[in-house]
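Inspection log for the structure reproduced underneath, given as structure tokens.
The values are calculated or read from the model by the stated rules, or taken from the named source; none is laboratory data. From a predicted model like this one, the values you see are computed outputs, not experimental measurements. Here Cβ is always computed from backbone atoms with ideal geometry, including for glycine, and neighbour counts include all displayed protein chains. The accessibility values were calculated without ligands, DNA or RNA, using every heavy atom of the protein model including side chains. Shrake-Rupley method; radii C 1.70, N 1.55, O 1.52, S 1.80 Å.
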Amino acid sequence: EPTYRDKVHDLDLASGSKGLDAMLHGGIPAGSASVVIGPSGIGKTTFGLQFLSQVSAKEPGVFFGFYES
């Protein structure tokens, strides 16, 4: 039986990381929201910027970066 993901998201978007796309079975589901969390220095911002390097007017993306002291 199809899962919710199969019913709603028929398109996956490349994340910019071939390894992550493989773990996600094709990429980030279109129309979804993703949060990347973790300690300082592990590459969250780099990952976000890599993802943004692939967006276009046809396939837009947004990056929210937060800093907490």
Can you name every residue in segment 32-47 that is in a loop (DSSP other than H, G, I, E, B) and not β-branched (V, I, T)?
-> S32, A33, S34, G38, P39, S40, G41, G43
Report yes if some residue within segment 12-34 is in contact with a Phe, Trp or Tyr (Cβ under 7 Å, 6 or more places away or on another chain) and open to solvent by 70 Å² or more (accessible area, probe 1.4 Å); otherwise report no.
-> no
(1) of a type in the set (S, T, Y); (2) at pLDDT 85 or above; (3) open to solvent by 100 Å² or more (accessible area, probe 1.4 Å): which one isn't true of S69, the others all being true?
-> (2)
With P39, P2, P60 as the choices, which residue is modelled with pLDDT of 85 or more and exposed (fewer than 10 other Cβ atoms within 10 Å of the Cβ)?
-> P39
